[in-house]
Amino acid sequence: MSYPRNSMILGPGPFKAKDLPSGAEYELDNGHPIHCLPTRQRGGRAQAIGAAVIRTDPLVQSCGVEIGFELDEGTVRAPDVSVTTSATEDGWATTAPPLAIEYADTGQDENELQHKIEQLLRAGSREIWVVRLHKIRRVEVYTLGADGHVARRVAHASEELALPGVLGRPVPVAALFDPQAADLHTFHNLLARYGYEHPEQAREEGREEGREEGREEGREEGREEGREEGREEGREEGREEGREEGRTAARIEALVGVGVTVAPEDHALIASMTPDAMSEVLKRAFASPGRALRDLV
C-alpha cells in the first residue's frame, strides 16, 4: 500500500537507490523517502491470498511481496505483490514488474497511489491491479494507452482478469481477496503446473497406476487365485487379468506335460476354453499323445 508523501524519515533527501538499505520501511520517489506504515489485518490477509494465487500460476516463475524496483537512480517502488523476472538476484530489481498488485483500503492516499501507478507503468509494467477492499470489493486495472495516458477499467468480483504472456490462467477477481475462491484457484493452478487440466485427470492417472500395480501383482499370484484383498480402486482389474494369465499358463503346462504340442498362437484358444472343453482335450491327449493342440480341439 502507498502512504502520504509527508510520512518521511531521514530528512527530505534527495537520496539515491544505492543509499536505501534492504529492509528499510520506506520507498524512494525522485530521491525523497516515503515511509511505508504497517498494513492492517484485512490488507495483510488479502496480500497473502493474492501472492499465493499469483505465485502458483503455471506461467509465473518468480513472484514476491513488497520487492523494491529501482525505476531510476532516485526512485525505488515496492508493490504489495509483483511478478518478477528473476528469482535469484539480490539487490533491488532493475526491471519493472510486468504485473504489480496494490491493495487499497480505508485511509489510502489516492494521490500517492496514482502517482506510484503511473511511475510503474511508465517504467515498463504492463498492468497494475489495485484491489479495493472497502465497500464494494473490486479490482481496478491500470494500463498505459497508446496515447501515453494512463487508462483504467474496473473488474468486479464475478469477473476474471487475464494477462497473456505473464499469467497462464485467468484470475477470478474474487480470488484476490476471498480465501475460498483463492484456495480453489490455487488448487487448479497447481494442477496446471504439473500438467493436469482438471482434478479428474489426476485421479485417473492415480487409478491407472493402481491398475498397473494390481496387474503386476495378479500375474505373480494368478496361479494361487490372485490376492484376497485389493488396495485400491483399479487393482481389481489387474488381479483379474493376472489370474487369467496364471490359469492359461497352468493349462499350457498341463497340456505340455501330457505331450501336446502347443504353439504361441494357441495361447488365446487355451485361455478361451471352458473347464469342460479343457478336460475333453486332456482326455484326448492321454489317448493319443504327441499330437498338436489344433488336432485335439
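The values are calculated or read from the model by the stated rules, or taken from the named source; none is laboratory data. Because the structure is predicted, anything quoted here is derived from the model rather than measured. Reconstructed Cβ throughout: ideal geometry from the backbone, glycine too, with neighbour counts over all protein chains shown. With ligands, DNA and RNA removed, areas are computed over all heavy atoms of the protein, side chains included. Shrake-Rupley method; radii C 1.70, N 1.55, O 1.52, S 1.80 Å.
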Report task. Give me the angle, in degrees from 0 to 90, between the Cα long axis of helix 110-123 and the longest principal axis of the Cα atoms of the chain, rounded to the nearest 10. Result -> 60
Requested in this report: Could you order Ser158, Ser288, Ser272 so the one with the most accessible surface comes first? Probe is 1.4 Å.
Outcome: Ser158, Ser272, Ser288
Query raised in the report: Any idea of Asp109's accessible area? Nearest 10 Å², probe 1.4 Å.
Result: 40
Query raised in the report: Can you give the extra length, in nm with one decimal, that the chain gains between Ala162 and Thr261 once fully stretched, where that is 0.36 nm per residue apart less the Cα-Cα distance?
Result: 28.8 nm
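Taking every pair of Cα atoms in segment 113-157, average 1/r, invert it to obtain the Kirkwood radius, and report Rg/Rh to two decimals.
1.00
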Report task. Kindly provide the helix-only [θ] at 222 nm of the chain, computed as the sum of -39,500 (n - 2.57) over DSSP H runs of four or more divided by all residues, to the nearest 500 deg cm²/dmol? Result -> -12500 deg cm²/dmol
Query raised in the report: Relative to the longest principal Cα axis of the chain, at what angle does helix 199-221 sit, 0 to 90 degrees, rounded to 10?
Result: 30
Query raised in the report: So what's the angle, to the nearest 10 degrees on a 0 to 90 scale, between helix 235-257 and the longest Cα principal axis of the chain?
Result: 30
**Report entry** Potential extension, Lys135-Glu216 segment - 0.36 nm per residue separation minus Cα distance
**Finding:** 23.1 nm
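Please arrange His267, His134, His185 by accessible surface area, largest first, computed with a 1.4 Å probe and ligands excluded.
These residues rank, largest area first, as His267, His134, His185.
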Query raised in the report: By the gyration tensor of its Cα atoms, with a ≥ b ≥ c the square roots of the eigenvalues, what is the shape of segment 62-103: rounded for a/c under 1.5, prolate for a/b over b/c, or oblate?
Result: oblate
Report summary line: SASA check, Arg45, accessible area w/ 1.4 Å probe, all protein chains in place, rounded to nearest 10 Å², comes out at 140
Query raised in the report: What is the calculated FRET efficiency for Arg45 to Asp147, with r their C-beta to C-beta distance and R₀ = 30 Å, to the nearest 0.05?
Result: 0.20
Report summary line: Expressed in Å to one decimal, the Kirkwood Rh of segment 59-200 from all distinct alpha-carbon pairs is 16.0
Query - Accessible heavy-atom area order of Phe187, Phe15, highest first, probe of 1.4 Å - result: Phe187, Phe15
Query raised in the report: Comparing Leu176, Leu28, Leu282, which has the greatest mean-square fluctuation in the GNM of the chain with Cα pairs linked when under 10 Å apart?
Result: Leu282
**Report entry** Surrounding net charge for Gly74, when Lys and Arg each add one and Asp and Glu each subtract one, Cβ distance under 13 Å
**Finding:** -3
Query raised in the report: From the square roots a ≥ b ≥ c of the eigenvalues of the alpha-carbon gyration tensor of segment 35-98, which class results: rounded (a/c under 1.5), prolate (a/b over b/c), or oblate?
Result: oblate
Query - Partner aspartates and glutamates for Lys135 [C-alpha distance under 18 Å; skip if fewer than 8 residues away on the same chain] - result: Glu102, Asp105, Asp109, Glu110, Glu159, Asp178
Requested in this report: Answer rounded, prolate or oblate for segment 135-178, using the Cα gyration tensor with square roots of eigenvalues a ≥ b ≥ c: rounded when a/c is under 1.5, else prolate when a/b is larger than b/c, else oblate.
Outcome: oblate
Report summary line: Looking only at aspartates and glutamates whose Cα falls under 19 Å of Lys16's and that sit 8 or more positions away or on another chain, we get Glu25, Glu27, Asp29, Glu66, Glu70, Asp72, Glu73, Asp90
Report summary line: Most fluctuating of Glu253, Glu25, Glu66 in the GNM of the chain (C-alpha, under 10 Å) is Glu253
Query raised in the report: With every protein chain in place, what's the accessible area of Lys283 (1.4 Å probe, Å², nearest 10)?
Result: 130
Report task. Quick one: compute a quarter of the convex hull surface over the Cα atoms of the chain and quote it in nm². Result -> 24.4
Report summary line: With label points set 7 Å from each Cα along the Cα-to-Cβ direction at Met273 and Gln61, the distance between them in nm comes to 6.4
Query raised in the report: Looking only at Ser86, Ser279, Ser62, which one moves most when the chain is put into a Gaussian network model with springs between Cα atoms under 10 Å?
Result: Ser279
